[in-house]
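Structure record follows, encoded as structure tokens.
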Amino acid sequence: MPSPDNDTSRDPQASSLEATPRVEPKRIVLCYPVEPHHIKAIQAAAPTAEIVNAGQERVAEELPTADIFCGHAKVPVPWEKVVETGRLRWIQSSAAGLDHCLVPAVIDSSITVTSASGVLADQVAEHALGLAIACTRRLPLFLQQQQAREFVRRPTRDLTGATVGIIGLGGVGRRLVEVLEPFRCRILATDYFPVEKPPQVELLLPPDEIQTVLSQVDVLFLTAPLTTATDRMIDATALATLRPSSILINAARGRLVVTDALVEALESGHLDSAAVDVTAEEPPAADSPLWTAPRLLITPHVAGQSKHRIDAMTTFFCDNLHRYLTGEPLANLVDKHLGFPERL
């Protein structure tokens, strides 16, 4: 299925536009948790611009008068008004996912959009690996036993030597391939751009061949972005295609998976277990069946957390800001109709 671009924190994927200087912005609005030294770095990259740290509290108010926006608004934003104002020229998402800003008005506008794909690939891949190991080695079960003061051996499973599927071989997916290498897994993958196959990957297929991957894997990792094509793609049919006793790991977006279908697959025993860092509704409602689904591990959307997260995002933005001001190709330039950067 579609995926974010390669890890651009290492090898930026740039647009094919010729280098032409752009008008220096007068106002840059930020909406990610920056500290004074981050603002200072951004100011140094654009000395004449006003840097506005809007946060979630003021982003809706400040966006219509922004020339550049960097962040991830988690509150309602008047995107149609922003587009109608005609001032905003560039959105630099502080997340790999773009569902927060790729609304119809923005898609149909001349606003340039770039993603943060790859900036946090290390952290998300590490978390996804941790979730998989938690499932195969039965850590949630043993923690429950510990709380009950039970010391009972239970059967465990191996990640080593397993057949693994990765849906979305972008920045996170490709980093996941690297961290899985010591486990000697057989790796199958799908991606919207099935090119540049890593040597560790046995098979890299386009998204319409996802069934081939689902039918063979012991562990399925979801690392694709949320787009119209991936929304609810892991439904009852997809889950039924998975081998009995397979494991599902979702470190991407909650809406990739149909919640009721996942719960049913766990309750029926078709899935061995599952672990999700994301849910369709965050947090899940108090009466959501996810809370009581058997053999399901939930972490509260923390895969991208890191003490270096804001530093890494600011460094990436400053580099892209330099590119913008000098007319160089932008890293992670998004095809707004696809919903993610294009990899050629």
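The values are calculated or read from the model by the stated rules, or taken from the named source; none is laboratory data. Source: prediction; values computed, not measured. When we count neighbours, we look across all protein chains shown, and the Cβ atoms used for this are built from the backbone with ideal geometry, even at glycine.
The residues of the stretch 106-148 that are out of contact with any helix residue (DSSP H, G or I) (no Cβ under 9 Å at 6 or more places or on another chain), more than 30 Å from residue 93 (Cα to Cα) and part of a helix (DSSP H, G or I), listed by number, are 135, 136, 141, 142, 143, 144, 145, 146, 147.
I'd like to check something: does the stretch 184-191 contain any residue that is in contact with a Gly (Cβ under 8 Å, 6 or more places away or on another chain), farther than 25 Å from residue 230 by Cβ and at pLDDT 95 or above? Yes; the residues of the stretch 184-191 include at least one that is in contact with a Gly (Cβ under 8 Å, 6 or more places away or on another chain), farther than 25 Å from residue 230 by Cβ and at pLDDT 95 or above. Taking the criterion of being touching a helix residue (DSSP H, G or I) at 6+ places or on another chain (Cβ under 7 Å) and surrounded by 14 or more Cβ atoms within 10 Å (Cβ to Cβ), the residues of the stretch 149-178 that qualify are 157, 159, 164, 165, 166, 167, 171, 172, 175, 176.
Residue by residue, here is whether (1) among the small types (Gly, Ala, Ser); (2) closer than 28 Å to residue 79 by Cα holds:
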site	(1), (2)
106	no, yes
109	yes, yes
112	no, yes
119	no, yes
124	no, no
131	no, no
134	yes, no
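Exactly one residue out of 299, 279 is touching a Gly at 6+ places or on another chain (Cβ under 6 Å) and among the β-branched types (Val, Ile, Thr): that is 279. When we screen 186, 137 for residues that are surrounded by 14 or more Cβ atoms within 10 Å (Cβ to Cβ), farther than 20 Å from residue 252 by Cβ and in contact with a strand residue (DSSP E or B) (Cβ under 6 Å, 6 or more places away or on another chain), the only hit is 186.
For every residue, the table says whether it meets (1) touching a strand residue (DSSP E or B) at 6+ places or on another chain (Cβ under 8 Å); (2) closer than 30 Å to residue 335 by Cβ.
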| position | (1), (2) |
| --- | --- |
| 230 | no, yes |
| 239 | yes, yes |
| 255 | no, yes |
| 264 | no, no |
| 269 | no, no |
| 274 | yes, no |
| 283 | no, no |
| 286 | no, no |
| 292 | no, no |
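Would a scan of the stretch 74-92 turn up a residue that is of a type in the set (Gly, Ala, Ser) and in contact (Cβ under 8 Å) with a residue 12 or more places away in the chain? No, the stretch 74-92 contains no residue that is of a type in the set (Gly, Ala, Ser) and in contact (Cβ under 8 Å) with a residue 12 or more places away in the chain. Here 238, 285 are screened, and the one residue that is at pLDDT 95 or above, surrounded by fewer than 17 Cβ atoms within 10 Å (Cβ to Cβ), out of contact with any Pro (no Cβ under 6 Å at 6 or more places or on another chain) and closer than 30 Å to residue 103 by Cβ is 285.
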